[in-house]
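First the structure, in the form of C-alpha cells, and then the observations on it.
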Amino acid sequence: MKKLSIIIISWNTKALLVECLESVESGLHEWIQRGVVETFVVDNASRDDSVAAVRSRFPWVTLIENTGNVGFAAANNQAIERSTGEYVLLLNPDTRVIGDALQQLVDFLDAHPEAGANGARLLNADGTLQPS
C-alpha cells in the first residue's frame, strides 16, 4: 500500500497541470523515488496536448484518458477506485505545492487518527491568505 494517492483532474489545463505536477515532484521527489506516493491524472478528453505533456514529462504519473468529459466527480471516482494510498488527496491542477506541504498534511493525519480529513492553508498567487 502507498502512503498517499494524489488525484488531479484535467480538462484543457496543460500549462497549469505541468506546473502543478512539477511542484508535486519537487515537494515529494524522495517519496516518488521510493514508491511511497502514487499520482493519477484523469484527463477528460483535453484538446490542448495535456496527455502528451504528462506522458513525456512525468513518467511516474498514472494517466487515465477519458474519451469524453465525464465531469469532476466521476473522474475523481475513476482514480479513487484504482488508488492504493492510505490517504487520498484531490488536487486541482491550478495548485502549486509549496515545499513539504504534502508531507505536513500526511504527518498531521498520522498523528491524529481521529481526523477524517484535513486541508491545507490556501494562498493566493501573491502569497496572501485565501480564505476557504
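The values are calculated or read from the model by the stated rules, or taken from the named source; none is laboratory data. Being a predicted model, the structure only gives us computed values, none of them experimental. As a convention, Cβ positions derive from the backbone with ideal geometry for all residues, glycine included, and neighbour counts pool all protein chains shown. Just the protein is used for accessible areas: all its heavy atoms, side chains included, with ligands, DNA and RNA removed. Shrake-Rupley method; radii C 1.70, N 1.55, O 1.52, S 1.80 Å.
Mind listing whichever residues of the range 1-24 are open to solvent by less than 10 Å² (accessible area, probe 1.4 Å) and either more than 16 Å from Leu105 (Cα to Cα) or basic (Lys, Arg) (or both)?
Ile8, Ser10, Leu17, Cys20, Leu21
Just one of (1) closer than 20 Å to Thr13 by Cα; (2) surrounded by fewer than 17 Cβ atoms within 10 Å (Cβ to Cβ); (3) aliphatic (A, V, I, L, M) trips up Ala111, so point out which.
(1)
Among Ala73, Ala79, Ala15, Ala53, which is the only one that is free of Cβ contacts under 8 Å to residues at least 60 places away in the same chain and closer than 21 Å to Ala117 by Cβ?
Ala73
Looking only at the range 25-80, count every residue that is more than 16 Å from Leu91 (Cβ to Cβ), open to solvent by less than 60 Å² (accessible area, probe 1.4 Å) and not in a strand (DSSP E or B) and tell me the total.
Qualifying residue count, the range 25-80: 11.
Would you check which residues across the range 32-50 are over 15 Å from Gln78 (Cβ atoms) and touching a residue at least 40 places away in the same chain (Cβ under 8 Å) and list them?
Val37, Ser50, listed by residue number.
Condition first: open to solvent by less than 80 Å² (accessible area, probe 1.4 Å) and over 13 Å from Leu28 (Cβ atoms). Now tell me which residues in the range 81-95 satisfy that.
Ser83, Thr84, Val88, Asn92, Pro93, Thr95
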